[in-house]
Protein chains: 2
Amino acid sequence: MPRSRDAARANLENLYRIFTVPEAPDSTLGAIDQAITDDVAGFLQTHIVAIERNLEAIEANFSSFTIPEEPTYVSEYTEFVKENLVAHSVHTAAPGFVGHMTSALPYFMLPLARLMTALNQNLVKVETSKAFTPMERQVLAMLHHLVYRRADDFYPPWIHNSQHALGAFCSGGTIANVTALWVARNRLFAPDGAFRGIAQEGLASALKHRGADGIAVLVSERGHYSFGKAADLLGIGRDNLIKVQTDAHNRIDLKLLREECRRLQGRNILPLAIVGIAGTTETGNVDPLETLADFAQELGCHFHVDAAWGGPTLFSDRYRSLLAGIERADSVTIDAHKQLYVPMGAGMVVFKDPTALSAIEHHANYILRHGSKDLGSHTLEGSRPGMSMLVHAGFSIIGRKGYELLIDMGIERAKTFANMIRHHPDFELTSEPELNILTYRYAPPAVQQALEKAPAHHCTAINALLDQVCMLLQKYQREAGKTFVSRTRLRMARYGEELTVLRVVLANPLTSYEILEGVLEEQCEIVHQPEIQALLCQMEEMLQCEPKPVAGEGNLKKVAW
Amino acid sequence: MPRSRDAARANLENLYRIFTVPEAPDSTLGAIDQAITDDVAGFLQTHIVAIERNLEAIEANFSSFTIPEEPTYVSEYTEFVKENLVAHSVHTAAPGFVGHMTSALPYFMLPLARLMTALNQNLVKVETSKAFTPMERQVLAMLHHLVYRRADDFYPPWIHNSQHALGAFCSGGTIANVTALWVARNRLFAPDGAFRGIAQEGLASALKHRGADGIAVLVSERGHYSFGKAADLLGIGRDNLIKVQTDAHNRIDLKLLREECRRLQGRNILPLAIVGIAGTTETGNVDPLETLADFAQELGCHFHVDAAWGGPTLFSDRYRSLLAGIERADSVTIDAHKQLYVPMGAGMVVFKDPTALSAIEHHANYILRHGSKDLGSHTLEGSRPGMSMLVHAGFSIIGRKGYELLIDMGIERAKTFANMIRHHPDFELTSEPELNILTYRYAPPAVQQALEKAPAHHCTAINALLDQVCMLLQKYQREAGKTFVSRTRLRMARYGEELTVLRVVLANPLTSYEILEGVLEEQCEIVHQPEIQALLCQMEEMLQCEPKPVAGEGNLKKVAW
């Protein structure tokens, strides 16, 4: 069958081509590439469609479940990507996209990321990364120094030490947090006499050795969901992730924390770790780290600080003190793809004790040999890309002072936005910004007044309606595609119940005050939507049928709505 | 102090610049970017230094542990990167780099990777990824179909199902394997009456509920080191990762596997999972998957297949049958950054039962809400980049037939190289290639003959010297930088002991037969190094002082060396 032989040869030639012949500059992909090189913001603005398409409609373009038999031309595929993937992506870099923790990237990150991809180094071992290994070790040392500020003579023996690593570079904060608790668990149950350690013998044997019925991690109710995953993964159980209620400032309630610890003791459960949060995901507040450090010391347990978001505040001379006590943490998580402005997929965890990671050390015959400098022997992940190069680039090009400016601007912008909200009659600030995150909700003046006067248990019905308004407001705004805020549910000490609130994260240096005013203006427009108006009318009726307080009885004797 | 105010303003302006002004095409970074666009292979060839520099010398450039105070010009930093990072990287894409699993990338991956970086989508939730979520769900369905080939009407209800996911996209095979065993563990200890499941109550409570003393995972001694990490992480303990010896073909010994299972039963330890390997990391062999599936069924335990390397063999009509039985696995790991030719940082695990991932499901208030299509509710990782786009691109542009060609060429190239080694007097093939990986070692003819005649226990001394030769050979070759093979230690059934061997992975389509001949020729040159010659002389002396067999006593009565 000469025809099929010809086809096979043609296939083979095509195959060699894709490995050897670069994209021509005038090809579709070449043109896109050039457009992004020239002006990524312009490219994204032009190509990301502002009007939201229904998710189900997008799914229709991604519904075949068979891998195509025949190859496709790169140009044809690129057209598909442009129309169906790029056009319906989220413009995370837009200055009006203030709802999540992903924001703009400095321009130099793109060509450097391409260089990184082209080099395709694998950081699991020196043999496939060479200079990238010392570079990543340096990045970890720099981060360690940022957090712990150890003396100058501390670092030289550890930075390139073949037995140890000052931290672990991870795909993100979740793996960083898991790694921290994994280390804490393995250190709590280290080899001891005949007991060969939890890594070797497992959790059941470890508990038996210590005569305990379980281990627990304590964190505030604002803790990131990764701690729930970690508790599950590490065999601790989600029941033993003790979520301590927060005070009015979204910080862990220390009295309740002490009570929880006493309860654990009564149940013969060992405290494994206390987690402090330096920038909660939802409100950006910082736990009292000094006090937590004292308490962890008192208990003799691991103290982990999740500074995935707020860690880079340490760059700021003005605001660094907000994180005072972080240098006493046994481990600290900081995400690079958040406030270090590195593309998605980069997190780190550093350990105060440079030998801590030995607790999870592992080796293999073909790599990670004893005495090698392979970073893979101290990471949860195996093969990993050279993302640390982009952190190195950020540290070098932006510098400490550049990051300081970014941090200071974000915090000040959040204060200003909080003031705008406070002075706007139709909005209620639901959490004061401490770093650059705040929450608020839509609540017309009459409703705000009514809520203030009413006793807490009478507010439930009104709050339920406001929750619905909030949800719809966020949905309509997201769908309109001009600006974007996110939403969450927070238990608010004031009402003693969970409310739906809008959440704003101010990390993009290009987010101007005009844009923030625009966010509120747009929301005031959106509430004219019939669906929301119906809810507001319902609310008004409620307020009207509220009986006037009987003279002499004061506000407390209202009939429940 | 007007000077410092001016400096601050200048800093601020610089900061805005890096977020708004693209690199000029004539800047250093612009030029590098263009050079990579034009011809990445050429760029790497020109810039990656062939002669190995001492690691300690490289470390000197990465030894400062303080983050620079002041910003650096992008051009200055780029020069640094070129001279100190690029120049001393490993040219993983070179056709002579046949030692590890990282090889060349098709050209189109680079501009598409840049597009992915520029879009900076976060796959944890639809709100920050939109079209990327359906795209990733499609990629997982395609991989599921490749492995399980379920009927056409199976997929539509599951592919975009808001309650479920057919698999999880991960940063790599390690997280994929951990995810598989995590799911297996949580399904073994699912909620049952008053017991609320291991995710909630933890491992100790789970074991008590089942009245068991532990759980175990069984895998051959060739299993990837990620299973050790998983056993540690999940609280199982490395002792309970039972590494079953392999037969002469590096496949799990079924008789020994049954014996191990009986032993576990005697110790009241539940078998959690049997792991079959489809392409061992060191030798590329495939376990008897059908038989393992039968056995797992008999035991009623989870059957996981680690096809991180060999999975794409399923593309090949000719070789697919090597993996027969994989469709009976409860979960299968396949790495995209290996034989799907995607840049570093992409692995996947798919589950036969589309509801399996519910066992590790998690939610949070601000994202991953119940009923959302957010992929993050079923992954170990949190925020993740849109790497699945590059798998989608590979599937579309290369197509099933293109991947088939790559697989077939690799396997055939390995067979040919095995023949070259077999026919070369100075080398000994230590593992037959089944897929595209093989191992061999340097052993002069006289030594090979002596080893053949000598009883196994007499070979130890000679093998120890050959191990040293092997180690030096690999080191010198790596340092010369022309070609690269890796090395590992394998227990060889024939000698009953571990040997050091050279390991070759043949995945780069540009690796020609001439290059492979060159690898052997270079090695024959390297053995003339004085250090290796000294070892060979020592070996020769050993062979000479070996006493001639006494007449009538045969070969068995030799004096031990």
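Which of the residues spanning segment B:209-230 are at the interface with another protein chain (Cβ under 9 Å from one of its Cβ atoms) and free of Cβ contacts under 8 Å to residues at least 24 places away in the same chain?
Of everything in segment B:209-230, those that are at the interface with another protein chain (Cβ under 9 Å from one of its Cβ atoms) and free of Cβ contacts under 8 Å to residues at least 24 places away in the same chain turn out to be B:225, B:228.
Collect the residues in segment A:89-125 that are more than 7 Å from chain B (Cβ to nearest Cβ) and closer than 30 Å to residue A:363 by Cα, keeping them in residue-number order.
Once the filter is applied, which keeps residues that are more than 7 Å from chain B (Cβ to nearest Cβ) and closer than 30 Å to residue A:363 by Cα, segment A:89-125 yields A:116, A:123, A:124, A:125.
Given (1) part of a helix (DSSP H, G or I); (2) touching a His at 6+ places or on another chain (Cβ under 7 Å), where does residue A:376 come up short, assuming only one miss?
(2)
Say we look at segment A:301-322 and pick out the residues that are closer than 20 Å to residue A:505 by Cα and hydroxyl-bearing (Ser, Thr, Tyr); which of these is surrounded by the most Cβ atoms within 10 Å (Cβ to Cβ)?
In this case the residue turns out to be A:313.
Return the residues of segment B:473-488 that are more than 19 Å from residue B:535 (Cα to Cα) and not small (Gly, Ala, Ser); say none if nothing qualifies. Reasoning before the result, please.
So the first thing to find is which residues in segment B:473-488 are more than 19 Å from residue B:535 (Cα to Cα), and the list is B:478-486, B:488.
Residues satisfying the conditions are B:478, B:479, B:482, B:483, B:484, B:485, B:488.
Looking only at segment A:231-278, which residues are part of a helix (DSSP H, G or I) and within 14 Å of another protein chain (Cβ to nearest Cβ)? Step through it out loud before you land on a result.
Of all residues in segment A:231-278, those part of a helix (DSSP H, G or I) come to A:231-233, A:238-240, A:254-266.
Selection gives A:231, A:232, A:233, A:238, A:239, A:240, A:264.
Please work out if residue A:281 is open to solvent by 10 Å² or more (accessible area, probe 1.4 Å), within 12 Å of chain B (Cβ to nearest Cβ), out of contact with any Gly (no Cβ under 6 Å at 6 or more places or on another chain) and of a type in the set (Ser, Thr, Tyr). Give the steps one after another, and end with the answer.
Numbers: open to solvent by 10 Å² or more (accessible area, probe 1.4 Å): yes; within 12 Å of chain B (Cβ to nearest Cβ): yes; out of contact with any Gly (no Cβ under 6 Å at 6 or more places or on another chain): yes; of a type in the set (Ser, Thr, Tyr): yes.
Criteria met by residue A:281.
Taking only segment B:42-75 into account, find how many residues are among the aliphatic types (A, V, I, L, M), assigned to a loop (DSSP other than H, G, I, E, B) and at the interface with chain A (Cβ under 7 Å from one of its Cβ atoms). Before you say what the answer is, go through the steps one by one.
In the first step, residues of segment B:42-75 are kept if they are among the aliphatic types (A, V, I, L, M); the result is B:44, B:48-51, B:55, B:57-58, B:60, B:67, B:74.
Imposing the further condition that a residue be assigned to a loop (DSSP other than H, G, I, E, B) reduces the set to B:48-51, B:67.
Of the ones still in play, those that are also at the interface with chain A (Cβ under 7 Å from one of its Cβ atoms) are B:67.
Matching residues across segment B:42-75 total 1.
Would you call residue A:264 in contact with a Pro (Cβ under 9 Å, 6 or more places away or on another chain), closer than 25 Å to residue A:493 by Cβ and open to solvent by less than 40 Å² (accessible area, probe 1.4 Å)? I'd like the intermediate steps shown before the answer.
Values: in contact with a Pro (Cβ under 9 Å, 6 or more places away or on another chain): yes; closer than 25 Å to residue A:493 by Cβ: yes; open to solvent by less than 40 Å² (accessible area, probe 1.4 Å): yes.
Judged against the criteria, residue A:264 is a match.
Determine whether residue A:468 is touching a Phe, Trp or Tyr at 6+ places or on another chain (Cβ under 8 Å) and assigned to a helix (DSSP H, G or I). Outline the logic, then answer.
Working: touching a Phe, Trp or Tyr at 6+ places or on another chain (Cβ under 8 Å): no; assigned to a helix (DSSP H, G or I): yes.
No: the conditions fail for residue A:468.
Just the residues that are under 29 Å from the mean Cα position of the chain (by Cα) and assigned to a loop (DSSP other than H, G, I, E, B), please, taken from segment B:188-230.
Matches in segment B:188-230: B:221, B:222, B:223, B:224, B:225.
Residue pairs, Cβ under 7 Å, 6 or more apart or interchain, first in segment B:321-336 and more than 14 Å from residue B:146 (Cβ to Cβ), second open to solvent by 10 Å² or more (accessible area, probe 1.4 Å) and in a strand (DSSP E or B). List them.
Between residues of segment B:321-336 that are more than 14 Å from residue B:146 (Cβ to Cβ) and residues that are open to solvent by 10 Å² or more (accessible area, probe 1.4 Å) and in a strand (DSSP E or B), the close pairs are B:330/B:302.
Could you grab me the full set of residues in segment B:18-40 that are among the hydrophobic types (A, V, I, L, M, F, W, C) and within 7 Å of another protein chain (Cβ to nearest Cβ)? Reasoning before the result, please.
First, the residues of segment B:18-40 that are among the hydrophobic types (A, V, I, L, M, F, W, C): B:18-19, B:21, B:24, B:29, B:31-32, B:35-36, B:40.
Residues satisfying the conditions are B:18, B:19, B:21, B:29, B:32, B:36, B:40.
Please find, among A:379, A:291, the residue that is within 28 Å of residue A:255 (Cα to Cα), hydroxyl-bearing (Ser, Thr, Tyr) and touching a residue at least 12 places away in the same chain (Cβ under 8 Å).
Every option except A:291 fails the conditions.
Name every residue in segment B:452-464 that is open to solvent by 10 Å² or more (accessible area, probe 1.4 Å) and in a helix (DSSP H, G or I), in order of residue number.
Result: B:452, B:453, B:456, B:457, B:458, B:460, B:461, B:464.
Please work out which residue is least open to solvent (accessible area, probe 1.4 Å), limiting yourself to segment B:16-35 and to residues that are hydrophobic (A, V, I, L, M, F, W, C) and free of Cβ contacts under 8 Å to residues at least 24 places away in the same chain.
Let us first name the residues in segment B:16-35 that are hydrophobic (A, V, I, L, M, F, W, C), namely B:18-19, B:21, B:24, B:29, B:31-32, B:35.
With free of Cβ contacts under 8 Å to residues at least 24 places away in the same chain added as a condition, the list becomes B:19, B:21, B:24, B:31, B:35.
Details: B:19: 11, B:21: 62, B:24: 45, B:31: 53, B:35: 37 Å².
The residue in question is B:19.
From the list A:238, A:258, A:187, pick out the single residue that is open to solvent by 10 Å² or more (accessible area, probe 1.4 Å) and without any contact (Cβ under 8 Å) to a residue 12 or more places away in the chain.
None of the other options fit; the residue is A:238.
Condition first: more than 20 Å from the chain's Cα centre (by Cα), of a type in the set (A, V, I, L, M) and closer than 23 Å to residue A:180 by Cβ. Now tell me which residues in segment A:363-394 satisfy that.
Those that are more than 20 Å from the chain's Cα centre (by Cα), of a type in the set (A, V, I, L, M) and closer than 23 Å to residue A:180 by Cβ: A:368, A:375.
Please enumerate the residues belonging to segment A:524-538 that are more than 33 Å from the chain's Cα centre (by Cα) and open to solvent by 30 Å² or more (accessible area, probe 1.4 Å).
A:528, A:530, A:533, A:534, A:537, A:538
Hey, among A:55, A:112, A:44, which residue is open to solvent by less than 50 Å² (accessible area, probe 1.4 Å), modelled with pLDDT of 85 or more, closer than 27 Å to residue B:27 by Cα and touching a His at 6+ places or on another chain (Cβ under 9 Å)?
Details: A:55 fails: closer than 27 Å to residue B:27 by Cα; A:112 fails: touching a His at 6+ places or on another chain (Cβ under 9 Å).
Going through A:55, A:112, A:44 in turn, just one is open to solvent by less than 50 Å² (accessible area, probe 1.4 Å), modelled with pLDDT of 85 or more, closer than 27 Å to residue B:27 by Cα and touching a His at 6+ places or on another chain (Cβ under 9 Å): A:44.
Restricting segment B:1-32 to residues that are small (Gly, Ala, Ser) and assigned to a loop (DSSP other than H, G, I, E, B), which is nearest to residue B:79 (Cα to Cα)?
Our first condition is that a residue be small (Gly, Ala, Ser); within segment B:1-32, this holds for B:4, B:7-8, B:10, B:24, B:27, B:30-31.
Still in the running and assigned to a loop (DSSP other than H, G, I, E, B): B:24, B:27.
Working: B:24: 15, B:27: 11 Å.
My answer is B:27.
Yes/no matrix, rows are residues, columns are (1) buried (at least 16 other Cβ atoms within 10 Å of the Cβ); (2) modelled with pLDDT of 95 or more:
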{"site": "B:466", "(1), (2)": "yes, yes"}
{"site": "B:472", "(1), (2)": "yes, yes"}
{"site": "B:490", "(1), (2)": "yes, no"}
{"site": "B:493", "(1), (2)": "no, no"}
{"site": "B:496", "(1), (2)": "no, no"}
{"site": "B:506", "(1), (2)": "yes, yes"}
{"site": "B:518", "(1), (2)": "no, yes"}
{"site": "B:522", "(1), (2)": "yes, yes"}
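In segment B:134-187, how many residues are at the interface with chain A (Cβ under 7 Å from one of its Cβ atoms), in contact with a strand residue (DSSP E or B) (Cβ under 6 Å, 6 or more places away or on another chain) and not in a helix (DSSP H, G or I)?
Of the residues in segment B:134-187, 1 are at the interface with chain A (Cβ under 7 Å from one of its Cβ atoms), in contact with a strand residue (DSSP E or B) (Cβ under 6 Å, 6 or more places away or on another chain) and not in a helix (DSSP H, G or I).
Give the residue, chosen from B:498, B:479, that is acidic (Asp, Glu) and in contact (Cβ under 8 Å) with a residue 60 or more places away in the chain.
Values: B:498 fails: in contact (Cβ under 8 Å) with a residue 60 or more places away in the chain.
Only one candidate qualifies: B:479.
Is there a residue being open to solvent by 10 Å² or more (accessible area, probe 1.4 Å), modelled with pLDDT of 95 or more and over 30 Å from residue B:496 (Cβ atoms) anywhere in segment B:414-434?
Yes, because at least one residue in segment B:414-434 is open to solvent by 10 Å² or more (accessible area, probe 1.4 Å), modelled with pLDDT of 95 or more and over 30 Å from residue B:496 (Cβ atoms).
The values are calculated or read from the model by the stated rules, or taken from the named source; none is laboratory data. Computed from a prediction, not measured in an experiment: that's the story for all the values here. FYI the Cβ positions are ideal-geometry reconstructions off the backbone, even for glycines, and counts take in every protein chain you see. Protein only, heavy atoms only, side chains kept; ligands, DNA and RNA dropped before computing areas. Shrake-Rupley method; radii C 1.70, N 1.55, O 1.52, S 1.80 Å.
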